[in-house]
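Visitor: Dropping a structure here in C-alpha cells format, bear with me for questions.
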Amino acid sequence: MNSDNVKWGWGFVTPALIWTIAFFIVPFAVMVAMSFANLEGRSLTWGFHLDNYEELATRAYLKRAVLVSLEITLTVTLVSIVLAYPLAAIIAFRVPLRWQRLVLLLAILPFWTSYVVRSYAWLLVLAREGLINQALLEFGIISDPLTLANTRFATVTGFVHFFVMLLTLTIYANLKQLSPNYRLAAMDLGANPFQTFRYVIMPLTLPGIVTGAFLTFVLCIGDYVTPQILGGNNELTIPQVIMVQLGRRADFPLASALALVMMGMVTLAYLAAARWLRIDRV
Amino acid sequence: MTTLRKALLGGTAMWLFAGAATAQELNALVWCDHADDALIKPFEELHGVKVNLREYEGTGAALALLDQSRPGDWDVLVIDGIDVFRTVETGLLAPLPKEELPISDMFPEVVMEENNSKDGVWYAVTEKFGYNTISYNADKVDVSDMQNLASVWSDKYAGRISIYDYYLPVMGLAAISEGIETAKIDEASLDAISSVLTQMRSSAASVAGVVAAQTALATGEVDIVVGGGEWLTAVLAEEQPEMTWTIPDQGAVRWTQSIGMLADSEQQELALEFIKYIVSPEGQSRLSTSSCFWGMPANANAGDILSKEQKEVLRWDEQGEFLSRTQLYPAPNTELDIAMQDLWLDKLSQ
C-alpha cells in the first residue's frame, strides 16, 4: 500500500474516529470513573470507591429493579418473536408480491406516531373505562372492569406493539432471502409443512430472529417512557431508578453504576447472540 | 460614497444595532408553570428582552444543572420553598433588596422569612403556594370519607387511588395521618410513616406524576389522588366540575415555590426586574392560573385581578382556614432526605 493510500485512508477514517472518541469513548470513560466516585452531601469525591456497587448489591429496590427489567425485557422479546414470525411469514409467503410493500408499510405505520402519544393511547385503551373494558362489559363477558392499565401487562403490551414491527422487518428480510428451492426440496424429500418449517425454514431464519431479538432487548431494557406511562410506577425498572438518582438526588455516581450494570446486561445479550449465531461466520 | 453604498451601510448598521438591542436574554431555571406565553410575553415586550426558560422537576435536577453550567449561564431560579436554604448555604443565590419586594402584601403564612432569608438578608421570595392533599371525583366516592385520611387509603377504595409521585408531600401526609408534625419528622418517625405507606401502596393502582395523575383522574382510571390538590384539579374543573379536592380533618401539606436571582448572573438588574414582575399582582394573577398548573398567588393583591370564577376554582375565600390547617412540606437534612427517598423507593418497588 503506498503512502498516498494510507493518507487517504486516514482522511476518511479520522472524522468517524474523532466522533467515536468524543461521543462514546470519553463519555464512557467518564461514566466508568464516575461510578467509582462517591457523593457525600453535595460534594463529589473522585477515587476508587466500591460503595455504589455495594449499594447495588444490598439495596432491595435496586436489586428488584434489575430483576424487573430483565423479566419485562425477556417477556417482551419472547412475545414479540412469537407474534412477529407468523406475521412476517404471511407477508413473505402468502401476500402477493405486488402488495407486500404496502402491507409492510401498514405494518410499520404505528412507527410514524410519537412514542409518548402511542403509550398514552394504550393507557386510554386499557383504562378501567377504556375500550377493552367497555367492550367486555357490553358483551357481558365481565361484570366489573379489569385492571389492565398501570400493570406489567400494560407495559409489556406497549412494548410488544412497538417491537413486533421491528422484528417483523428483520424476520421478513431474512425470509425473503431464502430461496424457494429449500422448501420445495424439503417437501420433495417427504417433509410435511411443519417439518419443513421446523427443520429447514426456522434454522435458516435464525439470524433474522436473533438480530431482531437483540435489538428488542437493547431498546427495551433501556426504555424509560413505556414503563413510566403504562406501568403506573408500580414496578421500577433500571432506567426509572437511574432517573430518580439523577432527578431527585443528583447522584451521578450511583446512576453511572446502574448504567454500567445495564450495559453489562446488554453486552451479555450480545455475546450470547454472537455465540448462537456464530457471528464470525455470518 | 454612493447613495446605494450609504444606504447599504446604514441598513447594515441598523440591522446590527437592532440585533444588539434585542440580544439581551434572561435565562431562567423554572417549573413548568412559568413556561406560559401569557405570563412571559408581557415581560418580554415591556423590557424588549427574550426570556429563555428551562423547565426542571426536583431540586436535585436543578442543582445538578447548575453544577454543570458555567457561572453566569443562569440568571433566575425557581425552587421549592423548603429548599431555598440549600442554595443559600452553597452561595448560589444573590441577596435581594427586601424593600423592592411586595412582602407586606403577601399572605403572612407564606412569607416564610426563615426559609427565604438568612441573617436578615433575603435571597428568595415566595411566588406561589398550594396544597398536597386529596383530589377526588365527587361522583364516585363518598365525600365524607375524604375528610379522614385513613378512610381515603382504606380497603374501601383499594385499586381506585393514585399516589402523587413525590416522596416529600406524600410522606408528609402519611406523617400527618399519624399525628406527626411535618416539621418534626426524623429517623424515629420513619417506621410509623412506613406502615402508612404500606397501606397506601396496597390500595393504590398507580404512583403517578402530574400529567399521569391528571389523566388517571380524568379518564376514570382512579377516583382519588393522594397528594393532589388545586394544582391537579383546577385545569379539569371547567369540563369536569366533579373533580375537586379537600383538606381532611387531620390537615394536609402546604407547598410553596420561591424565586431568586443567581449570584453569578451577569444581568442582575434584569433578573431583579423579572422577579419583581413575577411577584407583582399582574404577574401573580398570570402565574396562579398558568396552563401547566394552577396555584394560589403569594401576593394577596392578585385577588384584585383574578376573576370571580378563577377565585372560586382556587377557593380564595377559604384560604384563611386552609392555611391554618396545613403544614409545610417536610424539610429534611441531607441524611434524613436520603433515608426518606430510600424508604419511598422501597415502597414503590413493593
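A short reminder: the numbers here are calculations on the coordinates, not readings from a lab. Since this is a predicted model, take the numbers as computed values, not measurements. No Cβ is skipped: glycine too gets one built from the backbone with ideal geometry, and neighbour counts run over all protein chains shown.
Visitor: I need B:258, A:3 ordered by Cβ neighbour count within 10 Å, fewest first.
Guide: A:3, B:258
Visitor: Moving on. For residue A:195 and residue A:144 in one chain, what is 0.36 nm times their gap in residues minus the Cα-Cα distance, to one decimal in nm?
Guide: 13.9 nm
Visitor: Evaluate E = 1/(1 + (r/R0)^6) for residue B:54 and residue B:263, where r is the Cβ-Cβ distance and R0 equals 25 Å; express this FRET efficiency to the nearest 0.05. Intermediate results must be reported in sequence, preceding the final value.
Guide: Numbers: r = 18 Å, r/R0 = 0.72.
Efficiency, from the Cβ-Cβ distance: 0.90.
Visitor: Still on this structure: Given springs between every Cα pair under 10 Å in a Gaussian network model of chain B, which of B:133, B:334, B:215 has the largest fluctuation?
Guide: B:334
Visitor: For chain A, what is the calculated [θ] at 222 nm in deg cm²/dmol (nearest 500), taking -39500 (n - 2.57) for each run of four or more DSSP H residues and dividing by its residue count?
Guide: -22500 deg cm²/dmol
Visitor: Under a Cβ-only charge scheme (Lys and Arg +1, Asp and Glu -1), can you give me the dipole magnitude of the protein assembly as shown about the Cα centre, in debye to the nearest 20? Show your work: numbers first, answer last.
Guide: On the way: 42 positive and 68 negative charges, 811 e Å.
Taking the Cα centre of the protein assembly as shown as origin, the dipole is about 3900 debye.
Visitor: Would you be so kind as to identify all helices of chain B, as entire DSSP H runs, whose Cα atoms reach 24 Å or more along the helix's own axis and whose mean Kyte-Doolittle hydropathy is at least -0.5? Spell out each step's value before the answer.
Guide: Numbers: long enough: B:3-21 (26 Å, 0.89).
In chain B, the long hydrophobic H runs are B:3-21.
Visitor: State, to one decimal in nm, how far the label point of residue A:116 lies from the label point of residue B:188, with both points 7 Å from Cα in the Cβ direction.
Guide: With each label placed 7 Å out from Cα toward Cβ, I get 4.6 nm.
Visitor: Additional query: With charges only on Cβ, +1 for K and R and -1 for D and E, what is the dipole size of region A:23-158 about its Cα centre, in debye, rounded to 20?
Guide: With only Lys, Arg, Asp and Glu charged at Cβ, the dipole is about 540 debye.
Visitor: Can you give the net charge of the other residues whose Cβ lies under 12 Å from the Cβ of residue A:51, counting K and R as +1 and D and E as -1?
Guide: Neighbour charge sum, excluding residue A:51 itself: -3.
Visitor: Starting with the fewest neighbours, write out B:184, B:128, B:140 ranked by other beta-carbon atoms found within 10 Å of each beta-carbon. Spell out each step's value before the answer.
Guide: Numbers: B:184 11, B:128 30, B:140 14.
The order, fewest Cβ neighbours first, is B:184, B:140, B:128.
Visitor: Now a separate question. Using the Karplus curve 6.51 cos²θ - 1.76 cosθ + 1.60 with θ = phi - 60°, what ³J(HN,Hα) values do you get for each residue of region B:118-125, in whole Hz, with x for Gly and Pro?
Guide: Residue by residue, region B:118-125 yields 9, 6, x, 9, 8, 10, 7, 9 Hz.
Visitor: So, one more: Taking only C-alpha pairs under 8 Å that are 6+ residues apart, what is the relative contact order of region A:60-281 in percent? Numbers along the way, then the final one.
Guide: Values: 219 pairs, mean separation 64.3, N = 222.
Relative CO of region A:60-281 lands at 29 percent.
Visitor: In nm², what is the average projected area of the convex hull enclosing the Cα atoms of the protein assembly as shown? Walk me through the numbers on the way to the answer.
Guide: Working: hull surface 170.0 nm².
If you wrap the Cα atoms of the protein assembly as shown in a convex hull and average its projections, you get 42.5 nm².
Visitor: GNM, chain A, Cα, under 10 Å: largest mean-square fluctuation among A:153, A:163, A:93?
Guide: Checking each option, the largest mean-square fluctuation is seen for A:93.
Visitor: Follow-up. Per residue of chain B, what 222 nm ellipticity follows from adding -39500 (n - 2.57) for every DSSP H run with n ≥ 4, rounded to the nearest 500?
Guide: -12000 deg cm²/dmol
Visitor: Does chain B classify as rounded, prolate or oblate by the C-alpha gyration tensor (a ≥ b ≥ c root eigenvalues; a/c under 1.5 gives rounded; else a/b over b/c gives prolate, otherwise oblate)?
Guide: prolate
Visitor: I'd like the antiparallel share, as a percent to the nearest 5, of DSSP beta bridges with both residues in region B:71-228.
Guide: 50
Visitor: Please state the relative contact order of chain B as a whole percent: Cα pairs under 8 Å, 6+ residues apart?
Guide: With pairs under 8 Å counted, the relative contact order is 26 percent.
Visitor: Report the dimensions of region B:177-241 along its three principal axes from the alpha-carbon atoms, largest first, rounded to Å.
Guide: For region B:177-241, the Cα spread along each principal axis is 44, 24, 17 Å.
Visitor: Same structure again: For residue B:204, list long-range residues whose amide hydrogen, built 1.01 Å from N in the peptide plane, is under 5 Å from its own amide hydrogen.
Guide: Those lying under 5 Å, H to H, from residue B:204 are B:159.
Visitor: Further, regarding this structure: Counting only residues 5 or more places away or on other chains, whose amide H sits under 5 Å from the amide H of residue A:248 once H atoms are built in the peptide plane?
Guide: Excluding prolines and chain starts, which carry no amide H, there are no hits.
Visitor: For residue B:328, list long-range residues whose amide hydrogen, built 1.01 Å from N in the peptide plane, is under 5 Å from its own amide hydrogen.
Guide: Residues meeting the criterion, in which the H sits 1.01 Å from N, are B:254.
Visitor: Residue by residue through region A:119-134, which ³J(HN,Hα) values in whole Hz follow from phi under the Karplus form 6.51 cos²θ - 1.76 cosθ + 1.60 (θ = phi - 60°), with glycine and proline marked x?
Guide: 5, 5, 4, 4, 4, 5, 5, 8, 4, 4, 9, x, 4, 5, 4, 4
Visitor: While we're here: With +1 on each Lys and Arg Cβ and -1 on each Asp and Glu Cβ, how big is the dipole of region A:60-281 about its Cα centre, in debye rounded to the nearest 20? Please list the in-between numbers first.
Guide: Working: 16 positive and 9 negative charges, 115 e Å.
Value, rounded to 20: 560 debye.
Visitor: When chain A is treated as a GNM, springs tying every alpha-carbon pair under 10 Å, which of A:86, A:15, A:207 comes out with the largest mean-square fluctuation?
Guide: Looking only at A:86, A:15, A:207, the biggest GNM fluctuation is shown by A:15.
Visitor: Sticking with this structure for a sec: Please return the longest stretch of chain B lacking exposed loop sites, where GluC sites (Glu not before Pro) count only if DSSP places them in a loop and at most 16 other Cβ atoms lie within 10 Å.
Guide: B:58-177
Visitor: Just the number, please: Stokes-Einstein D of region A:1-52 in µm²/s, Kirkwood Rh from C-alpha pairs, 20 °C, 1.002 mPa s.
Guide: Translational D for this selection: 156 µm²/s.
Visitor: Next question, about the same structure. What does the net charge come to around residue A:156 if you take all other residues with beta carbon closer than 15 Å to its beta carbon, with K and R at +1 and D and E at -1?
Guide: -1
Visitor: Also: With only alpha-carbon atoms in the gyration tensor, what are the semi-axes of the equivalent ellipsoid for region A:60-281, in Å, largest first?
Guide: Semi-axis lengths for region A:60-281 are 35, 25, 15 Å.
Visitor: Among B:167, A:115, which comes first, second and so on when ranked by fewest other beta-carbon atoms within 10 Å?
Guide: The fewest-first ordering by Cβ neighbours comes to A:115, B:167.
Visitor: With a ≥ b ≥ c taken as the square roots of the eigenvalues of the C-alpha gyration tensor of region A:71-137, please select rounded if a/c is under 1.5 and otherwise prolate if a/b is larger than b/c or oblate if it is not?
Guide: prolate
Visitor: On to the next question. Report the net charge of residues surrounding residue B:111, where surrounding means a beta-carbon distance below 14 angstrom and charges are Lys +1, Arg +1, Asp -1, Glu -1.
Guide: On the way: positive: B:98, B:128, B:254; negative: B:105, B:109, B:113, B:114, B:127.
Around residue B:111, the charge tally is -2.
Visitor: While we're on this one: Taking a ≥ b ≥ c as the square roots of the eigenvalues of the Cα gyration tensor of region B:229-350, is the shape rounded (a/c under 1.5), prolate (a/b larger than b/c) or oblate?
Guide: oblate
Visitor: Please give the FRET efficiency for residue B:334 paired with residue A:83, using the beta carbon to beta carbon distance and R0 = 60 Å, rounded to the nearest 0.05.
Guide: 0.80
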